[in-house]
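Okay, structure first, notes after.
The values are calculated or read from the model by the stated rules, or taken from the named source; none is laboratory data. These figures come from a predicted structure and were not determined experimentally. In this analysis, Cβ positions are derived from the backbone assuming ideal geometry, glycine residues included, and neighbour counts consider all displayed protein chains. Calculation scope for accessible area: heavy atoms of the full protein, side chains included, ligands and nucleic acids excluded. Shrake-Rupley method; radii C 1.70, N 1.55, O 1.52, S 1.80 Å.
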Amino acid sequence: MQDAQVVSWARETDVLGEMLGSVRGLNRRFLDLVATQLGGIASGAWRSAGPAGLSIDMSAQIAPLSASQKAAAASCPYALFDLRFGDDGHWRTRFEASARWSVAEEAPLGANTLDFVRLALFFAWHVASTGKVAAQLLLGMNEVTAAAFRGATIDCLPALAATEAVNLTARWNDCPAYWSALTEAAARPNPSGLRKIQLYGLQLAAAARLA
């Protein structure tokens, strides 16, 4: 029994490595999305255009980064975005109510945000279908949420994105020390500092799971 579990974990670890490129690409798109919201914040249009869980300070930290610096920040081995993946009650309710979704429920957000959320949810559905380890490490999902995603059909995801885009936030948006350290490490050629803050993110993820 233990040998079978070890083999299962080993296979998931291999799959996890294959998914890192995808999660880093999504991280980069998310940081670009955050950076473009700074102008919207200043004009007062941000609430209807971009992610809700971002502060002006966070956007201001990310906006000055160059393309290569944002790529460095995005290279974390886990998602830098969140869609309430740790809230199993929320996702269970949303999937149970999937038959009742309507256009009236769509969040009044910009096209770029909706496009990103569609990609993120498809990725989440794919990751959850591979097993427990990848969903937990990459996205912070618990098993209940991962099971809900595994039970969903792919054709429900576009409508789900339209209703859930309002919940798009930065991961650990309640930990400004993490985001300050990440952007500072990415802004200068400091590979060791970047690795250190990436490890800090893994510690935050582990603490959230224990909680």
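Miscellaneous remarks
- Residue count for region 163-177 satisfying the condition of being of a type in the set (A, V, I, L, M) and free of Cβ contacts under 8 Å to residues at least 60 places away in the same chain: 2.
- For region 194-210, the count of residues that are in a loop (DSSP other than H, G, I, E, B), open to solvent by less than 70 Å² (accessible area, probe 1.4 Å) and not hydrophobic (A, V, I, L, M, F, W, C) is zero.
- Of the criteria (1) modelled with pLDDT of 60 or more; (2) part of a helix (DSSP H, G or I), which one residue 40 fails: (1)
- Selection from region 138-156 of residues that are assigned to a helix (DSSP H, G or I), within 16 Å of residue 120 (Cβ to Cβ) and touching a residue at least 24 places away in the same chain (Cβ under 8 Å): 138, 139, 145, 148, 149, 154, 156
- The set of residues from region 189-209 being among the charged types (D, E, K, R) and within 14 Å of residue 136 (Cβ to Cβ) comprises just one member, 209.
- Out of 127, 117, 133, sole residue that is in a helix (DSSP H, G or I), modelled with pLDDT under 90 and of a type outside the set (Asp, Glu): 133
- Selection status of residue 168, within 27 Å of residue 66 (Cβ to Cβ) and within 18 Å of the chain's Cα centre (by Cα): yes
- Taking the numbered list (1) in contact (Cβ under 8 Å) with a residue 12 or more places away in the chain; (2) under 21 Å from residue 84 (Cβ atoms); (3) out of contact with any Cys (no Cβ under 9 Å at 6 or more places or on another chain); (4) assigned to a helix (DSSP H, G or I) in turn, residue 181 passes all entries but (2).
- Of residues in region 157-174 being touching a strand residue (DSSP E or B) at 6+ places or on another chain (Cβ under 7 Å) and crowded, with 19+ Cβ neighbours inside 10 Å, the one nearest to residue 125 (Cα to Cα): 168
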